[in-house]
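A short worksheet on the structure shown next.
The values are calculated or read from the model by the stated rules, or taken from the named source; none is laboratory data. Since we're looking at a predicted model, the values are computed, not measured. Don't worry about glycine lacking a Cβ; one is built from the backbone with ideal geometry, like all the others, and counts go over all protein chains shown. Just so you know, the surface numbers come from the protein's heavy atoms only, side chains and all, with ligands and any DNA or RNA stripped out. Shrake-Rupley method; radii C 1.70, N 1.55, O 1.52, S 1.80 Å.
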Amino acid sequence: MRRQIQGLIKPLLNLLPKNDYPVLDTRLFVLIWMHFILDARVATMRGLFFLLNHLNFKVDISTFSKACKHRSTEPFQVILRELQKRLKHHQGEFKHLFPLDSTIITLTSKLFWHYKQVKLTLGLDINEGNIGDESIIFGKTNDHKIGHLVIGTIPENAVGIMDRGFASWKLMDEMCKRNTLFIVRIRNNMKLQPDNPDIRVIQFFNEEENTEYRLATNVTSMTDEEICSAYRLRWRIELLWKALKMHLKLDRIITKNENGVRLQIYAVLIGYLILRLLEIGHNKTYELIDKLRYLQIEIGRHCSFMELVGVEPLVG
């Protein structure tokens, strides 16, 4: 498994500059973040550096903290886009259902008093397990107000599936103009006959939940029953949030500045895509959590993620 991990990670590290900083270069900086995201033994920045310093990785916690405040997110974005391309090539072309949703990450530090939260909006290709481009917004905002940011993240020929937070006739009109396919659950106080002739509204009743659903869509190639079945798969994006928060530490923010929060979010998304691409032997049926447990065992066996991938850090 170590060979598979190295074969996946080392080409990604080659995309990053080496020895660009005298104490903490970009490669080591990214690797330390990945170690925190993927290693179950650490939950705080102090815990992370207690472990690394104990293993003779001579990087000071203050140096890392300053880097989180001032370093660009570009290296993380480069790796993220490369992983997205690999997964797309690995699984096939986009022509699938694409649930879109947002999640709230609470910022508990007093230094975030003017924000208190950050909203991450993301799409998930159900067939590939791939994710679309992300939107990171600090502070409180409604989903439909940032809808223009997520329209472009829906892949061509994919159907964006959204909950009531994105229910806005203006947003749906814009998606029609862009020829973007969508299924949006609308609120019960919204009209059932849209002004736009390209949009139709479908109603169905869920007996288990005792709830009526109203769905607006511009998809003409699917029947009403298929539209309803497609909307039920929107729940997959909720499972993604659960995995990112419970297992990849999306809700355990360890930095106290806006740039550091962005870096951690990118590190979490990179960790997710690494697990999606990781193969354990010849078994293709392993779930994400199973892959993470195998990877954590390997990290513990080699003491750190850096040593696991075979990259030598700066040692004093």
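If you go through region 7-51 one residue at a time, how many are charged (D, E, K, R) and either closer than 18 Å to I270 by Cα or touching a Leu at 6+ places or on another chain (Cβ under 9 Å) (or both)? Steps first, please.
To start, the set of residues in region 7-51 that are charged (D, E, K, R) comprises 10, 18, 20, 25, 27, 39, 41, 46.
Of the ones still in play, those that are also either closer than 18 Å to I270 by Cα or touching a Leu at 6+ places or on another chain (Cβ under 9 Å) (or both) are 10, 25, 27, 39, 41.
Qualifying residue count for the region: 5.
Let me spell it out: the conditions are (1) touching a residue at least 60 places away in the same chain (Cβ under 8 Å); (2) in contact with a strand residue (DSSP E or B) (Cβ under 7 Å, 6 or more places away or on another chain); (3) among the hydroxyl-bearing types (S, T, Y), and T108 meets all of them except one. Which number is the exception?
(2)
Can you report the number of residues in region 9-39 which are at pLDDT 95 or above and farther than 17 Å from F76 by Cβ?
Selection size over region 9-39: 1.
Considering (1) outside any loop (DSSP other than H, G, I, E, B); (2) in contact (Cβ under 8 Å) with a residue 12 or more places away in the chain; (3) of a type outside the set (F, W, Y), say which one M190 fails and leave the rest.
In the conditions (1) outside any loop (DSSP other than H, G, I, E, B); (2) in contact (Cβ under 8 Å) with a residue 12 or more places away in the chain; (3) of a type outside the set (F, W, Y), M190 misses (1) alone.
Test T180 against the criterion of being open to solvent by less than 30 Å² (accessible area, probe 1.4 Å) and touching a Ser or Thr at 6+ places or on another chain (Cβ under 8 Å), and give yes or no. Quick ask: steps written out before the conclusion?
Values: open to solvent by less than 30 Å² (accessible area, probe 1.4 Å): yes; touching a Ser or Thr at 6+ places or on another chain (Cβ under 8 Å): no.
When the stated conditions are applied, T180 does not pass them.
Residues of region 101-155 being more than 23 Å from R232 (Cα to Cα) and assigned to a strand (DSSP E or B), which ones?
Those that are more than 23 Å from R232 (Cα to Cα) and assigned to a strand (DSSP E or B): I105, T106, Q117, V118, K119, S135, I136, I137, F138.
Keeping to region 268-316, report how many residues are modelled with pLDDT of 90 or more, open to solvent by 70 Å² or more (accessible area, probe 1.4 Å) and β-branched (V, I, T).
Total satisfying the criteria: 1.
Can you work out which of the residues in region 22-43 that are touching a residue at least 12 places away in the same chain (Cβ under 8 Å) and more than 24 Å from L288 (Cβ to Cβ) is surrounded by the most Cβ atoms within 10 Å (Cβ to Cβ)? Break it down into steps so the answer makes sense when it comes.
Of region 22-43, the ones touching a residue at least 12 places away in the same chain (Cβ under 8 Å) are 23-41, 43.
If we keep only those that are more than 24 Å from L288 (Cβ to Cβ) as well, we get 23-29.
On the way: V23: 13, L24: 19, D25: 18, T26: 21, R27: 22, L28: 24, F29: 22.
Within region 22-43, the match that is surrounded by the most Cβ atoms within 10 Å (Cβ to Cβ) is L28.
Find the residue count for region 1-36, including only residues that are farther than 20 Å from L278 by Cα, of a type in the set (S, T, N, Q) and not in a loop (DSSP other than H, G, I, E, B). Reasoning before the result, please.
Within region 1-36, the first condition is being farther than 20 Å from L278 by Cα, and the residues that meet it are 16-29.
Imposing the further condition that a residue be of a type in the set (S, T, N, Q) reduces the set to 19, 26.
If we keep only those that are not in a loop (DSSP other than H, G, I, E, B) as well, we get 26.
Counting residues in region 1-36 that are farther than 20 Å from L278 by Cα, of a type in the set (S, T, N, Q) and not in a loop (DSSP other than H, G, I, E, B) gives 1.
Just one of (1) at pLDDT below 95; (2) under 20 Å from L248 (Cβ atoms); (3) part of a helix (DSSP H, G or I); (4) not small (G, A, S) trips up L83, so point out which.
Here L83 clears every test but (1).
Quick check on region 66-84: of everything there that is surrounded by fewer than 19 Cβ atoms within 10 Å (Cβ to Cβ) and free of Cβ contacts under 8 Å to residues at least 60 places away in the same chain, which residue is nearest to L122 (Cα to Cα)?
If we take residues in region 66-84 being surrounded by fewer than 19 Cβ atoms within 10 Å (Cβ to Cβ) and free of Cβ contacts under 8 Å to residues at least 60 places away in the same chain, then R81 is nearest to L122 (Cα to Cα).
Could you give me the residue pairs with C-beta distances under 6 Å whose first residue belongs to region 127-150 and is more than 17 Å from L273 (Cβ to Cβ), whose second residue is in a loop (DSSP other than H, G, I, E, B) wherever it lies, and which are 6+ apart or on separate chains?
F138/Y115; G139/Y115; H144/S168
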